[in-house]
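Q: Sharing a structure with you now.
The values are calculated or read from the model by the stated rules, or taken from the named source; none is laboratory data. Remember, predicted model here, so these are calculated numbers, not experimental data. Positions of Cβ are backbone-derived with ideal geometry, glycine not excepted, and every protein chain shown enters the neighbour counts.
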There are 2 protein chains.
Amino acid sequence: MNHPPNPNIERLFALDRERMYLSKAAAVLHWDEETCLPPLAVEERAEQLAVLEGLAHEKLTGPETGELLDRCREDLRVRCGESPSGNDRFAADFLRVLERDYRRAVKLPPDFVRDSARAEGLSQAAWIKARKNSDFSAFAPHLEKMLTYARKRAEYWGFGSGSRNAGAASTAYDGLLDSFEPGMGEAEIDAVFGPLKERLQKLLRKIAASPKPDDGFLHLDYDLNSQREFSRELLDGLGFDRRRGRLDESAHPFTTTLGYNDVRVTTRYAQNDPMSGIFSLIHESGHAFYELALDPALKASCLAEGVSMGIHESQSRLWENVIGRSRAFWEGWFPAFKSRFSGQLAGVELPGFYRAVNAAGPSLIRTEADEVSYSLHIILRFELERRLVSGGLSVEDAPAAWNAAFGELFGLEVPNDAAGILQDVHWSMGAFGYFPSYALGNLYALQFWKKCTADIPRIETLLARREYAEIHGWLGEKIHAFGRRLLPAELLERVTGETLSALPFLEYLETKYAELYEF
Amino acid sequence: MNHPPNPNIERLFALDRERMYLSKAAAVLHWDEETCLPPLAVEERAEQLAVLEGLAHEKLTGPETGELLDRCREDLRVRCGESPSGNDRFAADFLRVLERDYRRAVKLPPDFVRDSARAEGLSQAAWIKARKNSDFSAFAPHLEKMLTYARKRAEYWGFGSGSRNAGAASTAYDGLLDSFEPGMGEAEIDAVFGPLKERLQKLLRKIAASPKPDDGFLHLDYDLNSQREFSRELLDGLGFDRRRGRLDESAHPFTTTLGYNDVRVTTRYAQNDPMSGIFSLIHESGHAFYELALDPALKASCLAEGVSMGIHESQSRLWENVIGRSRAFWEGWFPAFKSRFSGQLAGVELPGFYRAVNAAGPSLIRTEADEVSYSLHIILRFELERRLVSGGLSVEDAPAAWNAAFGELFGLEVPNDAAGILQDVHWSMGAFGYFPSYALGNLYALQFWKKCTADIPRIETLLARREYAEIHGWLGEKIHAFGRRLLPAELLERVTGETLSALPFLEYLETKYAELYEF
């Protein structure tokens, strides 16, 4: 970073860098925990992480940070007024993001942070047990507590009791959403989820009325080592640079950034479901490509991250679904896949394979849902959790509300709470406001993709040839490079000229499925 | 730990625990660097580690530590006088060790620490290049600098200019030795290395005059995956609890402790030298068994480590050589090894195999040396480095001195400095005083073993049956459990009733090799 010499901002850069290195060190310990840790070491690892995370928090919230932020903001205002440019623009972005992190951290009293962290631990443990026994009542008091902490957290942050921006009254749920999707409000999401829900339900009904594709050949016995080998071939083929990252295995696939040149993905393999590991891998690669294409000037600063959960998810879903479940993509990869599993795929050709990996229909479990029904699973959770947070729905009534909404959406009966309201970990961790990110990711992805395909007309040819460099280049330059320098809405506007919209996503799905299911 | 409530010592325990968790977090990052790190992430990992290690140093050297140490020592003296017992004994040991760590850290000025760390980095880089080109002159100025820093370090610690203990004047080299072997002085080592050198040389001459055993079958092609599988079988068979540790691969085998229940070993495999990986694995397991058998009361404190490099090495060498190169050990393992590599070992029986893995003779490279010549390689380094530190030998004259000493010891001519004075990393890191640990390890190992075999007369039968529980129990109770609570000399005296002696080691080797080489 080539900044004018200014001891205040240089000191702030240094403080931030130390905090980021500490939090990357914590990320290494987390990664190790998921992939390598000997089972009896789990408890001590939690202690080690608590020390690291406590120190990172201290680095962020020390009085020096607040004072330097004030001074640097004033320096910048005096020098540049309201429109800084070049290095000053960089400094302004840095100050805005660091200030956001700082304010959100210092506004929470230490006692509250400690107490809520402890309660989350207990809540998660109770949820695991409750899900196992499909016993919502055992989890209900913890859910109540998580909601109380969440409302209180939003209140500390200043949401729920005043106006969020000119003219719009904010809600507690706005405050929670803002943790995952900075600047996004409940009302905005409501405005897009409404039409999204209606048209997805319509599409799903059409699909249900059509003959189902045969996907039995995807549930035969697929040797795990051959799956591993294919995954490595695929990862390399997608352009993942293994000098800057790795692929490992874990119970739940994830991506983590341990350094500017150290982004790691994991997947898992199921003997009778090879596509599960493959699509997980492509999904996680999409997250990794984001983190690997950040502007090097952002390195080791608070700007060096994806800007929001929703934008991050737009990249993973773009790769997993829009690219990874396209016909052109498998024109490129089906021959390699079939040559590795020629027995299981004897007689299967590309068209049948393409239909099989896109089979859609109502399902009970979010994480197993197809591209069409997935967003409906999210909308259900959004509608329930906002009412839980506002108090419009009681914890006691929540399972019945879940089951009723589920029946209305999918025409399916929920057999038990384990396959219903207890299926996801998020609420047990107090992560209300997180779910919408997944559906926002779908919407952003298609808004970006519409622009990308307009800019690169021969994109299908490239996909069929397994040539991804131009796509990486476009995504990197237009989206990834910025890190947290732009807010999600600013980024979206800059890339597409649009505000949030469900239309590109709906048009994409309606076209794709009309062709797939021939209606 | 069940201590009487004392807020001062509880605070000191807490400070120490935080420091230890930070240093274990750093250990995770180091382990990851050696086993997993993507190549382009090396530089940023160094920055992350510098932050962690800096914070661990701050935790140790903060003014609070010094004040609390003074207060706690005084509390203890008032309550117990000079002979604390039970929990007070524990507290006294804790205070002694923490004070040692604290004094050694605060006596070094921060500028000195930073400058010498930077110089060590440059020196190591220069050494790598110099060794590659076999060009001592390119390394000489760095070695000079490392010696200057080492002397200065000893001076800051208070060595080299006064009396170390009643009546004995200390040297700078004493100060360096004390880093690796607390309480051990140059004169003491000299007294045992003298006779050791003489008798080992004599033994080596006898061996050289005898016919060499055939070990050609150990240099055929051994499939790497079969080697990996055998290593896992061996590790489990030795009693390594994989719920509390792991086995991985790295360029240089090592053991590291990432937590009380997280001790990891690595090895490496060579296609035409299966015993290299196997003996590395047994060696590292010996280190791991030490760390895994510490008293749980020591957990996450500064006491929870092996007490010295020499005692640690006694455990690794005991397992690698005394146990792992014994006939009884291979009575237990040869059938499993041969059944995995029946082609390579066709016609080979236990007696021939036992002779082959114990083949001895002069060699140029320390790390490839056998049990007999190994200690001679160490004595050569000890004799040179003490003269380098005292100034009795100049850097300029060092290569010639090395080559002359080598010729005198082994009757071999050193072909170039890469295979001579430049072969080891230690001096390039400024680690003078480290080498003796390796030979001390051999001596301690046999002093311990003599006692162990007296206490467990049927030990050969146990080894032949691959039953190690009783041996682990003995080593754990007599040696491992104490961690840093006893000084090396105190531990040795407590276990064996003896002071440091080369005799058990010499008698062991002379008996073993007289039988092996039939003289």
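Q: Among the residues in the stretch B:222-230, are any more than 14 Å from chain A (Cβ to nearest Cβ) and not in a helix (DSSP H, G or I)?
A: For the stretch B:222-230, residues more than 14 Å from chain A (Cβ to nearest Cβ) and not in a helix (DSSP H, G or I): present.
Q: Any residue at all in the stretch B:356-365 that is surrounded by fewer than 22 Cβ atoms within 10 Å (Cβ to Cβ), of a type in the set (A, V, I, L, M) and under 25 Å from residue B:427 (Cβ atoms)?
A: yes
Q: Yes or no: the stretch A:72-79 includes at least one residue that is farther than 21 Å from residue A:182 by Cβ and among the aliphatic types (A, V, I, L, M). Even if it seems obvious, please write down each step before you answer.
A: Quick first cut of the stretch A:72-79, residues farther than 21 Å from residue A:182 by Cβ only: A:74-75, A:77-79.
Checking which are among the aliphatic types (A, V, I, L, M) leaves us with A:78.
Yes: one or more hits.
Q: Given the conditions (1) crowded, with 17+ Cβ neighbours inside 10 Å; (2) within 23 Å of residue A:59 (Cβ to Cβ); (3) not basic (Lys, Arg), which single one is not true for residue B:62?
A: So the condition that residue B:62 fails would be (1).
Q: Exactly one of these conditions fails for residue B:401: (1) surrounded by 15 or more Cβ atoms within 10 Å (Cβ to Cβ); (2) touching a residue at least 24 places away in the same chain (Cβ under 8 Å). Give me its number.
A: (2)
Q: Given the criteria modelled with pLDDT of 95 or more and either surrounded by fewer than 16 Cβ atoms within 10 Å (Cβ to Cβ) or basic (Lys, Arg) (or both), does residue A:17 qualify?
A: The answer is yes for residue A:17.
Q: Restricting attention to the stretch A:363-376, report how many residues are of a type in the set (D, E, K, R) and assigned to a helix (DSSP H, G or I).
A: Keep residues of the stretch A:363-376 that are of a type in the set (D, E, K, R), which gives A:366, A:368, A:370-371.
With assigned to a helix (DSSP H, G or I) added as a condition, the list becomes A:366, A:368.
Adding up the residues that qualify gives 2.
Q: When only residues in the stretch A:40-67 that are more than 30 Å from residue A:95 (Cβ to Cβ) and among the charged types (D, E, K, R) count, which is nearest to the other protein chains (Cβ to nearest Cβ)?
A: The qualifying residue nearest to the other protein chains (Cβ to nearest Cβ) is A:44.
Q: Residues B:226, B:250: which one is in the same structural domain as residue B:323 (by TED's automatic domain parsing), over 26 Å from residue A:45 (Cα atoms) and touching a helix residue (DSSP H, G or I) at 6+ places or on another chain (Cβ under 9 Å)?
A: Being in the same structural domain as residue B:323 (by TED's automatic domain parsing), over 26 Å from residue A:45 (Cα atoms) and touching a helix residue (DSSP H, G or I) at 6+ places or on another chain (Cβ under 9 Å) holds for just one of B:226, B:250, which is B:226.
Q: Would you be able to say whether some residue in the stretch B:267-278 is part of a strand (DSSP E or B), within 14 Å of chain A (Cβ to nearest Cβ) and under 19 Å from the mean Cα position of the chain (by Cα)?
A: The answer is no, given that none of the residues of the stretch B:267-278 is part of a strand (DSSP E or B), within 14 Å of chain A (Cβ to nearest Cβ) and under 19 Å from the mean Cα position of the chain (by Cα).
Q: Quick check: is even one residue across the stretch A:195-218 part of a helix (DSSP H, G or I), within 27 Å of residue A:287 (Cα to Cα) and over 23 Å from the mean Cα position of the chain (by Cα)?
A: Yes, because at least one residue in the stretch A:195-218 is part of a helix (DSSP H, G or I), within 27 Å of residue A:287 (Cα to Cα) and over 23 Å from the mean Cα position of the chain (by Cα).
Q: Would you pick out the residues in the stretch B:487-496 that are without any contact (Cβ under 8 Å) to a residue 40 or more places away in the chain and out of contact with any Leu (no Cβ under 7 Å at 6 or more places or on another chain)? It would help to see each step written out before you state the result.
A: Step one: filter the stretch B:487-496 for residues without any contact (Cβ under 8 Å) to a residue 40 or more places away in the chain, giving B:490, B:493-494.
Scanning the stretch B:487-496 gives B:490, B:493.
Q: Residues that are farther than 29 Å from residue A:96 by Cβ and of a type outside the set (Phe, Trp, Tyr): list the helices (runs of 4 or more DSSP H) wholly contained in the stretch A:410-505 that include at least 1 such residues.
A: A:436-455, A:459-464, A:469-478
Q: Given the options B:288, B:300, name the one that is at positive phi, within 14 Å of chain A (Cβ to nearest Cβ) and either within 17 Å of the chain's Cα centre (by Cα) or not aromatic (Phe, Trp, Tyr) (or both).
A: Sole residue among the options that is at positive phi, within 14 Å of chain A (Cβ to nearest Cβ) and either within 17 Å of the chain's Cα centre (by Cα) or not aromatic (Phe, Trp, Tyr) (or both): B:300.
Q: Pull up the stretch A:472-511, narrow it to residues that are charged (D, E, K, R) and surrounded by fewer than 20 Cβ atoms within 10 Å (Cβ to Cβ), then point me to the one that is nearest to residue A:353 (Cα to Cα).
A: A:510
Q: Please determine whether any residue of the stretch A:98-105 is under 26 Å from residue A:180 (Cβ atoms) and either within 14 Å of another protein chain (Cβ to nearest Cβ) or touching a Cys at 6+ places or on another chain (Cβ under 8 Å) (or both).
A: Residues of the stretch A:98-105 that are under 26 Å from residue A:180 (Cβ atoms), as a first pass: A:98-105.
So of that shortlist, the ones also either within 14 Å of another protein chain (Cβ to nearest Cβ) or touching a Cys at 6+ places or on another chain (Cβ under 8 Å) (or both) come out as A:98, A:101.
Yes, some residue in the stretch A:98-105 is under 26 Å from residue A:180 (Cβ atoms) and either within 14 Å of another protein chain (Cβ to nearest Cβ) or touching a Cys at 6+ places or on another chain (Cβ under 8 Å) (or both).
Q: Residue B:246 is checked against (1) in contact (Cβ under 8 Å) with a residue 24 or more places away in the chain; (2) surrounded by 15 or more Cβ atoms within 10 Å (Cβ to Cβ); (3) of a type outside the set (A, V, I, L, M, F, W, C) and fails just one. What number does that condition carry?
A: (1)
Q: Now, a different point. Keeping to the stretch B:411-428, report how many residues are in contact with a Gly (Cβ under 9 Å, 6 or more places away or on another chain) and either under 20 Å from residue B:123 (Cβ atoms) or in contact (Cβ under 8 Å) with a residue 40 or more places away in the chain (or both).
A: 1
Q: A further question follows. Does residue A:252 satisfy the condition of being at pLDDT below 95 and away from chain B (no Cβ under 14 Å)? Steps first, answer last, please.
A: Working: at pLDDT below 95: yes; away from chain B (no Cβ under 14 Å): yes.
Answer is yes for this residue.
Q: Looking only at helices (runs of 4 or more DSSP H) that lie completely in the stretch B:1-110, which have at least 3 residues being of a type outside the set (Gly, Ala, Ser) and over 31 Å from the mean Cα position of the chain (by Cα)?
A: The helices (runs of 4 or more DSSP H) meeting that bar are B:7-35, B:63-80.
Q: Further question on the same structure: What are the residue pairs meeting all of these: first residue in the stretch B:333-362, first residue within 17 Å of residue B:273 (Cα to Cα) and in a helix (DSSP H, G or I), second residue of a type in the set (Gly, Ala, Ser) and at pLDDT 95 or above, Cβ atoms under 6 Å, and 6 or more apart or on different chains?
A: Final answer for the pair search is B:340/B:226.
Q: Working only within the stretch A:1-39, note down all residues that are of a type in the set (Phe, Trp, Tyr) and either without any contact (Cβ under 8 Å) to a residue 60 or more places away in the chain or at the interface with chain B (Cβ under 7 Å from one of its Cβ atoms) (or both).
A: Correct list: A:21 only.
Q: Could you tell me whether residue A:247 is in a strand (DSSP E or B), within 14 Å of chain B (Cβ to nearest Cβ) and among the hydrophobic types (A, V, I, L, M, F, W, C)?
A: Yes: the conditions hold for residue A:247.
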